[in-house]
Amino acid sequence: MSAVLTPPVQRRPYADHSVVFVHAHPDDEAIFTGAVMHALARGGARVTLVVATDGHAGQDLTGQGRHVGSVRARELQRAASVLGVHELVTLGWGDSGIGDPCPERALARQPVDEVAGQIGGIVERVGADAIVGYDEGGIYPHPDHVFVHRTVAEVARRQPDLSYYEATVDAESLARQEIRHLVLGANDAVRRAGLPSVPVGLPTTRIGARYRAGVSDFAAKVAAMQEHSSQIDADHLRQEDLHSAYGVEWFTRTGPAGAIDRLVGAGGR
């Protein structure tokens, strides 16, 4: 008598993690954290993407005029699908823009406590053990980016058991023209504000993580960036040295080690 042996189901390495990524505008998720999001989702983690604004004040490469916010919403849905996002949540605040008076519904005009309450509720609902925001300069000094930093930092303060990561870019890489193109875009007000200065030596209370994207994760990141065609020129994504510009993602952490530490430890450093 012979028995049919069923091979054991291999548990995916990050299946016990739930990570919430908070971004300011549609396309930020792909540019700054797309590879890590894809790697975690591919490894079984529940990845929740929270986007705070509609991005209506962004570029308009597709010529949609006042409808650019609706265009970006559709682009975001497609990009999130490419990255393996389990749930996409849009908070619905207005894009604050740069240099103009913020409209009443603009994110930067909202009380930090109110938006932190929104995000904190999502964290609790999905059972997240980690949250990702931006460094204290917002990666670059857009009011919505800086507001996201303040808000996510407040969520982490209220829930100290969370692994709290800040997406960042090291100074050397940010100074390269490839990344300047997307971070600064064509916005004169941001260009006048200048690039943030990210120190080489991280503060001693934080631990730095650097994820070098593997082939599939980098391909997914680029595919997600391509979905944001209203903001990112297609020619920019055909550069031969694209991996050197976007193939590494940087984070600092406070609080307990979490999913991104494990990802880096698995060979992404």
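Bear in mind that the values in this text are calculations on the coordinates, not laboratory data. Bear in mind the structure is a predicted one, so any value in this text is a computation, not a measurement. Positions of Cβ are generated from backbone atoms using ideal geometry, with glycine treated the same way; all protein chains shown enter the neighbour counts.
Remarks
- Label zone of ARG212 (point 7 Å out along Cα→Cβ, amide N under 19 Å): in segment 32-46 this covers 33-40.
- When you filter the trypsin sites (Lys or Arg not before Pro) in segment 62-123 for DSSP loop state and at most 16 other Cβ atoms inside 10 Å of their Cβ, you are left with ARG105.
- For HIS17, nonlocal amide neighbours, meaning residues 5 or more places apart or on other chains whose placed amide H falls under 5 Å from its own, are ARG46.
- Computed extension length for ARG12-HIS86: 25.1 nm, one decimal, from 0.36 nm per residue of separation with the Cα-Cα distance subtracted.
- Global form of segment 16-133, assessed from the alpha-carbon gyration tensor, a/c cut-off 1.5: oblate
- Sequentially through segment 151-158, phi angles give Karplus couplings (6.51, -1.76, 1.60; θ = phi - 60°) of 6, 5, 4, 5, 4, 5, 5, 6 Hz, Gly and Pro residues having no value and appearing as x.
- Tensor-based shape of segment 64-141 (alpha-carbon gyration tensor, a/c under 1.5 rounded, otherwise prolate or oblate): oblate
- Database remark: amide H of VAL89 closer than 5 angstrom to the amide H of LEU49, VAL50, VAL51 (H placed geometrically; neighbours at sequence offset of 5 or more, or on other chains; Pro and chain starts carry no H).
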